[in-house]
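No lab work stands behind these numbers, since they all come straight from the coordinates. Computed from a predicted model, the values in this text were never measured in an experiment. Positions of Cβ are generated from backbone atoms using ideal geometry, with glycine treated the same way; all protein chains shown enter the neighbour counts.
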Amino acid sequence: MCENEKCPECKSTNILDDNENGEAVCMNCGLVLGKTEPTPPQDRTPSTNKNASKHPIIYTSSAIGTKTPSNKRTELKIAIDIHHLIPKLGLPQHMEETAIHYMRKLRHETKKHNPQKIRFTKNELITISIWTTIKQQEHPLSSDEYIKKIEGYIKIKNLMKIEKRANYFIKNKNRVPTIPLVTGHIIKIADQLENNKHLERAYASKLCSYAIQILHKNPSLITNRRPNIAAAAILLAADQLIANQLQLIPLAKTANTGTGKISNLTKTAKRYAPPLPPDC
């Protein structure tokens, strides 16, 4: 926002200033300020023009002095919140564009076909857009971890209920565990165990390496299971086969799951584990 600039119409200082694209919009009344290319109202959609702005937040251009519709200003505010929230959650910045695109698509679909009159609040749109991006890009973050992180910034009631309503408009694939996804969880859990002094660095590295070998040897271990549970069980199986240094309760707490779920899968993982590496 530009603190020194005021809207000539409503005198508000709540102005979005996009230096990269040379466009400023008053978020109070919608007046477009700054230097930009005029675009007919019917063409105010994501453009395929090579010269059009590629910034994920601002994708519309208007003649100076025209008003940005209130629904577009709302969409812009949500996009800005997503832009600022992504790094705060410790997520890669490249997720921003996908999350904003999903948010716009969901808003469009709820207005187009909505016989049940389903509505989403601003916080719900932010929450489900980022969560859907996490799933699509197979980022190793469980739903419980995501909820815990995002609740530090916005309040949500039930992520699964929000997702169920969103799926009415945009069908999303379930977060089917994949080898890269579970591998990411294995590495993350092992690093956390090391940082919390539950494992020594050398052993954590050895344990993580062998756990990944178990995963690749028998990928069916992750079928229909949550990624964090599969990763924790495979780590425990690797530990029990190498040196039996890992305690179940700290592991379950680090993986954010129950001990029973880990124990049951650990037995299967041990049964189909590859031979121990020579250095074990």
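Report, in debye and to the nearest 20, how large the dipole of segment 179-271 comes out about its Cα centre when Lys and Arg carry +1 and Asp and Glu carry -1 on their Cβ.
The calculation lands at about 260 debye.
Please report, for the Cα atoms of segment 161-280, the Rg to one decimal and the Dmax as a whole number; what are they, in angstrom?
15.1, 53
Taking amide H positions as placed 1.01 Å from N in the peptide plane, with prolines and chain starts having none, which residues 5 or more places from Leu199, or on another chain, fall under 5 Å of its amide H?
Close amide H contacts, sequence-distant or interchain: Glu194.
Distance between the C-alpha centers of segment 206-280 and segment 84-135? Whole Å please.
The two parts, judged by their Cα centres, are 34 Å apart.
At 7 Å along Cα-to-Cβ for each site, give me the label-to-label distance between Leu276 and Ser12 in nm.
Each label point is offset 7 Å from its Cα along the Cβ direction, giving 6.8 nm.
How much length, in nm to one decimal, is gained on full extension between Glu138 and Leu248, taken as 0.36 nm per residue of separation minus their Cα-Cα distance?
Separation in residues times 0.36 nm, less the Cα-Cα distance, equals 37.0 nm.
From the gyration tensor of the Cα coordinates in segment 143-232, what semi-axes in whole Å does the equivalent ellipsoid have, largest first, with each one equal to sqrt(5λ)?
Largest first, segment 143-232 gives 30, 19, 7 Å.
Under 11 Å from a point placed 7 Å out from the Cα of Ile80 along the Cα-to-Cβ direction: which residues of segment 99-133 have their backbone N that close?
No residue passes the distance filter.
In the structure shown, do any of Lys112/Lys157; Lys72/Lys105; Lys117/Lys164; Lys188/Lys267; Lys77/Lys112 have a Cα-Cα gap over 18 Å, and if so which?
Lys112/Lys157; Lys188/Lys267; Lys77/Lys112
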